[in-house]
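As structure tokens, the structure follows; a few thoughts come after it.
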Number of protein chains: 4
Amino acid sequence: MIKAAILGATGYTGSELVRLIQGHPKIELLFLSSESSTGEAYSKIHPQFRERINIELQPLSIDLLPNSVELVFCALPHGQSAAVVPALLDRGLKVIDLSSDYRLKDPTLYQSWYDLNHPHPLLLSSAVYGISELYQDQIMAAKLIANPGCYPTSIILGLAPLLSSGLANLETIIIDSKSGVSGAGRTPKQPFHFPDCTENFKAYRVLSHQHTPEIEQELGRLAGEKVTITFTPHLVPMIRGIFSTIYTKLLKKVSIEELTAIYADYYRESFFIRILDQNSLPETRFIRGTNYCDLALRFDRRTGFLVIMSAIDNLIKGASGQAIQNMNISYGWPEETGLLQFAI
Amino acid sequence: MIKAAILGATGYTGSELVRLIQGHPKIELLFLSSESSTGEAYSKIHPQFRERINIELQPLSIDLLPNSVELVFCALPHGQSAAVVPALLDRGLKVIDLSSDYRLKDPTLYQSWYDLNHPHPLLLSSAVYGISELYQDQIMAAKLIANPGCYPTSIILGLAPLLSSGLANLETIIIDSKSGVSGAGRTPKQPFHFPDCTENFKAYRVLSHQHTPEIEQELGRLAGEKVTITFTPHLVPMIRGIFSTIYTKLLKKVSIEELTAIYADYYRESFFIRILDQNSLPETRFIRGTNYCDLALRFDRRTGFLVIMSAIDNLIKGASGQAIQNMNISYGWPEETGLLQFAI
Amino acid sequence: MIKAAILGATGYTGSELVRLIQGHPKIELLFLSSESSTGEAYSKIHPQFRERINIELQPLSIDLLPNSVELVFCALPHGQSAAVVPALLDRGLKVIDLSSDYRLKDPTLYQSWYDLNHPHPLLLSSAVYGISELYQDQIMAAKLIANPGCYPTSIILGLAPLLSSGLANLETIIIDSKSGVSGAGRTPKQPFHFPDCTENFKAYRVLSHQHTPEIEQELGRLAGEKVTITFTPHLVPMIRGIFSTIYTKLLKKVSIEELTAIYADYYRESFFIRILDQNSLPETRFIRGTNYCDLALRFDRRTGFLVIMSAIDNLIKGASGQAIQNMNISYGWPEETGLLQFAI
Amino acid sequence: MIKAAILGATGYTGSELVRLIQGHPKIELLFLSSESSTGEAYSKIHPQFRERINIELQPLSIDLLPNSVELVFCALPHGQSAAVVPALLDRGLKVIDLSSDYRLKDPTLYQSWYDLNHPHPLLLSSAVYGISELYQDQIMAAKLIANPGCYPTSIILGLAPLLSSGLANLETIIIDSKSGVSGAGRTPKQPFHFPDCTENFKAYRVLSHQHTPEIEQELGRLAGEKVTITFTPHLVPMIRGIFSTIYTKLLKKVSIEELTAIYADYYRESFFIRILDQNSLPETRFIRGTNYCDLALRFDRRTGFLVIMSAIDNLIKGASGQAIQNMNISYGWPEETGLLQFAI
């Protein structure tokens, strides 16, 4: 059994990691940190784990990590991860960072979208952006995996086959995404207070969401040229799920059957990508609690627009599940190990 | 007091009409029909009206309409309204039809999108499409007001100033709309069964929703030329509210301040349109239960796309409230009469 | 028009007061206070009031009250109301206090359930407990109305006819209440964070809720002897509504028809109390957004228990609506003035 | 691998069985029936199983069962199970019936509460009522396991230690239960239509719910004498979960510590029962999606009432999970096999 630690274990991505690792046959949790709940038993903070996971929460101190730990999941807020990761790498540990700190290759983008100077910009080039389906080889070799954001995962997986095929007109890429509330994290704030949040729908950070550069970086790599997107995130009154509706045009005439075949071929070895047929559409409930990404394509003959729909669970494929998938790849285990749950 | 009737009074738009008329100072309900609940007291079907509205539900027979009735709201399913409206007009009654039957000017569009032959195509030209803010004069003169659909109301109000100004690039009009579940009506069906519907987000009728031709008809009138849209509706797990996110490009450089001024000027006499500033965004909860339409504009300097956001209550401004507003205009009363409620 | 002020205008009960007063024909708002948002326009905090209510929020200073104000609603947290009320009374103002500070007659109960010494215990005897249906005469004469809590309103209205009749066996009064989340107030806290709160049901403050002594005080008055209750509140994932299920035994055999007649007679002049028949049961949606209290009775012949069900909107009949109703009574206006809304 | 069939596989309990069996190491599904969807692939009806479970749905015909099947789960509506079970037993199959048809020992109770004559009353005595924690030995020996109802499971588990101890005053057993909507099944009906169901709380079948005799039968067995309960079920706007609040008195003075010890001892070998301490209360989210039953006790010194709170997932411990647990016991496997999931 591989011994692992989670830094920042009491947030939603942290508790999802705990849950998924508990059901994983090859990995064992030895260390959980939490600044806000140091000294408490883990199940006191998350009573769903009563009688099963009673590890005492530790302060965020690398010196406290047991020697047998060889893998660390960082589920810390951005900024905090940036600071702690180098010491982990120095100690020879493998790191899967769920924050946004090591995702962007260009530190000036980090500076401009997060309003923070990156403390370790030289590390950025060696971090592997962990979309499991796209970077399998690099993930196997990586010491530092920058686990992607939830919106980016849904969007990059939806556009990767099209951009790789060179068929997309890059002039117009409009992405209208909708997220469940857990994406905003576990800290109570006014917009997520139940009576202000339920029975409500809204857009937020319109054209200015901090995931934008990460999406553009990856779409640019896939397209082989600079890509600029129009991105509007929205908040849906549900706990989990991201649904992205993507609008783009094609450079030449391609039938929907050909397009579907391009997608199917691109993902032919990807366990967690399901390409739906022309009679089906994604719904977040069908991937809720799972590591799946459901994709569907529709072509509008009247306007020439292609509509790509992508649904994932923001906390699983969009965060902790993909982290486990990346760990599986990294250790050479089947990518679906410990991730076979169905939506309930 | 004007005496009124509602045909199809037990659906959601019917019961919203009853509720709004009950609080209106100039109109009185004399007749309510329901095929499914004939003979029942109205408050037995909708117990929120207990002790206050006990009118007995009647069959859908025009002969039963009291002679003093001079105004009829048709809240019947499409197809049924088409059949009954001519007889109402023949009797000299004013008709506000909330179905989609008299909205399209071109009967071939009705045929192709609703899969029905229109039984009275000659009536289509005399019906006035009842977006209150756009057709005030025609509404005052009309005998038959075709009350707009919920999606179309949110979209047309969002685009009218822009299209009228001639600034929009009509090549790309992408409309991503999200609706609460009451828009699907009161009849129980599997997709709206609570456990299948809550905690879920999905698209439906992608590129094929029956409101498309109605939107294009009106946008075309405003633009002075044919307009084709890419329209994707989605279902949000909440009772009420429509939020439309509209993406389009401009034909020339215009600042967001100028655009906002164009919108403010266009709607300067429109009580129910609120143009938000650059620090605010619409949320459906702020218009829930009201006749308001909240609009906001954002311009993406990186891509050149304008994003227009529009929020209405689908059952009020998107249906019964706009019907009351049209009635007010029709009788020469202030348009906001009986519609001054705030969101709760 | 009577001129009024609201102290603590930005919480949920404060904004409900604003909303209800705006639709009331005989009262006008001149002053709104908020410690947290002093200097802001009211509609900036509650954008549902955009373009209609832009009063600037003031600090909580009685010296700032305009001289023309003659009525003050205190929607402050408990403890704060206790401190400010005497100065308002000294100035000759009429006060309707929505906090719990002046509800209990016995200051030692206040001390033991709220863990606070009451700063003005002598005022307690002159305050009138404002259950509108029970204390009409006292409310008319009162300078200080202590507006009841939400749970107490639902429970006292449910039990008043029975206790007044002397038919209840006071040995066993079990009250199982369920409340929507707005009852917890507008301040974000972990248990009311959307992802932790939706799709969840729980009990809280079991046998120790601070509304217990207020309920017992009033039931005791009605029964003419000391009453002790077993009270368990629960949290329901919905915004509004309280549903109380009350279990008690009868001292002698009475038919359900007789009991229903006793209730109907007791409330024969009460506009907002609706006694349901044996074919109907209360649901919170039928009173949501209204000042109604729907009541139903069932008798269990197998066990001899009477079950009383009571449904109210916690923010309206349980708080701000009853405050308006008390104001109406106090000024000699019909009690339903401004409160005729139906559930939407 | 044991080969199994599910009759009635497309309802909620059916699809939960499919999901749980898919993650179970010792059992394999060979046959799924559905009257409404015969001939369809299973994942077409429940798209969460896309690409993984594509078994074609069969008609409800026992002749079609493969010979290798040795275990049948009946997830049919009541009445239908009663008819089909004898033929399954005749064929030598082990049957776990999730309907209510074989739960009551007394066929006259079945007749009076379900308004149906039981077609096979002689079978009732040989069926084992499958509360896993109470009837382990009988379950091991049984050919026909009558899997308990959801309300009864939550209630019987909550009262079993107390009734077995002889400490309860059987005069007063009041049970106030609250259920998520999935308990009403998968067929769309008006009360469960999303807009009529969300943001609503109500009681239903007050004092007349069909689970009453099943609860009384089992409580009577535990108490050693006839038990009569006062039972009120309520509907909570959430998908899953049952929370029962139970009120009873004690025959003699016992401290809460002693009571807790009695409960802990009674369930000392029960993996899925968690007894909470005096600082914790159950919440349905902590057992959502799991086979746990969380229990808490509180004693009201003021009134002498004991309050027992019990939380389960109605579809898992209240239906399909307990069916799997019973299967595990029946085959001599650890009872938690395949049931180790945590709440998500």
| task | Just check the range C:204-333 against the gyration tensor rule for me: Cα atoms, a ≥ b ≥ c as the square roots of the eigenvalues, rounded for a/c under 1.5, and otherwise prolate or oblate depending on whether a/b exceeds b/c. | result | rounded
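By per-residue mean of other Cβ atoms within 10 Å, what is the highest-first order of B:5-17, A:299-311?
The peptides rank, most packed first, as B:5-17, A:299-311.
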| note | Rounded to the nearest 10 degrees, the helix A:150-165 long axis (Cα) sits at an angle to the longest Cα principal axis of chain A of 40 degrees
| said: Tell me whether chain D comes out rounded, prolate or oblate; compute the Cα gyration tensor, take square roots of the eigenvalues as a ≥ b ≥ c, and use a/c under 1.5 as the rounded threshold. | reply: prolate
| remark: Output row for D:E28: copy-to-copy label distances, label 7 Å along Cα→C-beta, ascending, in nanometres, one decimal, is 3.2, 7.7, 8.3
| Rounded to the nearest 5, what is the percent of antiparallel bridges among the DSSP beta bridges in the protein assembly as shown? | 50 percent
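Per DSSP H run of n ≥ 4, the term is -39500 (n - 2.57); total these for the protein assembly as shown, divide by its residue number, and report the mean residue ellipticity at 222 nm rounded to 500 deg cm²/dmol.
-8000 deg cm²/dmol
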| field | Selection from C:F192, C:I173, C:I156, by position along the positive dipole direction of the range C:151-314 (Cβ) | value | C:F192
| message | Per-residue Cβ counts within 10 Å, from other chains only, averaged over B:232-244: what number is that? | response | 6
| For the protein assembly as shown, what percent of Cα pairs sit more than 66 Å apart? | 7 percent
| request: Might you report the magnitude of the Cβ-based charge dipole of the protein assembly as shown about its Cα centre, with Lys and Arg at +1 and Asp and Glu at -1, to the nearest 20 debye? | output: 0 debye
| request: Could you list, in their original order, any pairs among A:K178/C:K202; C:K105/C:K202; A:K3/A:K317; C:K143/C:K226; A:K202/B:K252; B:K105/B:K143 whose Cα atoms are separated by more than 21 Å? | output: A:K178/C:K202; C:K105/C:K202; A:K3/A:K317; C:K143/C:K226; A:K202/B:K252
| note | Per GNM of chain C with C-alpha springs under 10 angstrom, the most fluctuating residue out of C:I145, C:I45, C:I312 is C:I45
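To the nearest whole number, what is the average tally of beta carbon atoms from other chains within 10 Å of the beta carbons of peptide C:303-312? Kindly include the intermediate steps, with their values, before the conclusion.
Values: counts 9, 4, 7, 1, 8, 0, 5, 0, 4, 0.
Going residue by residue through C:303-312 and averaging, the value is 4.
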| message | Pairs of alpha-carbon atoms within less than 8 angstrom and 6+ residues apart define the contacts here; what relative contact order does chain D have, in percent? | response | 17 percent
| query | Helix D:80-90 versus the longest principal axis of chain D: what is the Cα-based angle in degrees, 0 to 90, to the nearest 10? | reply | 70 degrees
| query | Sorted by mean Cβ packing within 10 Å, highest first, what order do the peptides B:323-334, B:50-61 take? | reply | B:323-334, B:50-61
| field | For the range A:244-309: relative contact order, % (alpha-carbon pairs under 8 angstrom, 6 or more apart) | value | 43 percent
| request: Going by the rotation axis that takes chain C to chain D, pick out the residue of C with the closest C-beta and quote the gap in whole Å. | output: C:D176, 2
| Inter-chain shielding of C:280-292 (mean C-beta neighbours from other protein chains, 10 Å cut-off) | 5
| message | Assume the label is 7 Å from Cα along Cα to beta carbon: what separations in nm does A:S112 have to the matching positions in the other copies? | response | 4.5, 6.7, 7.9
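For the peptides C:76-89, C:256-269, what is the packing order when you average, over each peptide's residues, the other Cβ atoms within 10 Å and list the highest mean first?
Highest to lowest by the protection proxy: C:76-89, C:256-269.
If you keep only loop residues by DSSP, which trypsin sites (Lys or Arg not before Pro) in the range C:106-196 have at most 13 other Cβ atoms within 10 Å of their Cβ? Present the calculation step by step, with values, prior to reporting the outcome.
Working: sites: C:K143, C:K178, C:R186, C:K189; in loops: C:K143, C:R186, C:K189.
Passing both the DSSP loop test and the Cβ count: C:K189.
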| said: Of all beta bridges DSSP finds with both residues in chain D, what is the antiparallel percent, to the nearest 5? | reply: 50 percent
| note | To the nearest 10 degrees, the tilt of helix B:212-223 (Cα long axis) against the first principal axis of the alpha carbons of chain B is 60 degrees
| said: Looking at the range D:151-314 only, what percent of DSSP beta bridges run antiparallel? Nearest 5 please. | reply: 75 percent
| task | Give the Rg/Rh ratio for the range B:1-134, taking Rg as the radius of gyration of the Cα atoms and Rh as the Kirkwood radius, to two decimals. | result | 0.98
| field | Rounded if a/c under 1.5, otherwise prolate or oblate - the range B:223-295, Cα gyration tensor axes | value | oblate
| request: Can you list the distances in nanometres, one decimal and ascending, from the C:S164 label point to the identical position in each other copy, with the point 7 Å along Cα to Cβ? | output: 5.0, 5.8, 7.7
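Where a number appears in this text, it was derived from the coordinates with a stated rule and is not lab data. These figures come from a predicted structure and were not determined experimentally. As a convention, Cβ positions derive from the backbone with ideal geometry for all residues, glycine included, and neighbour counts pool all protein chains shown.
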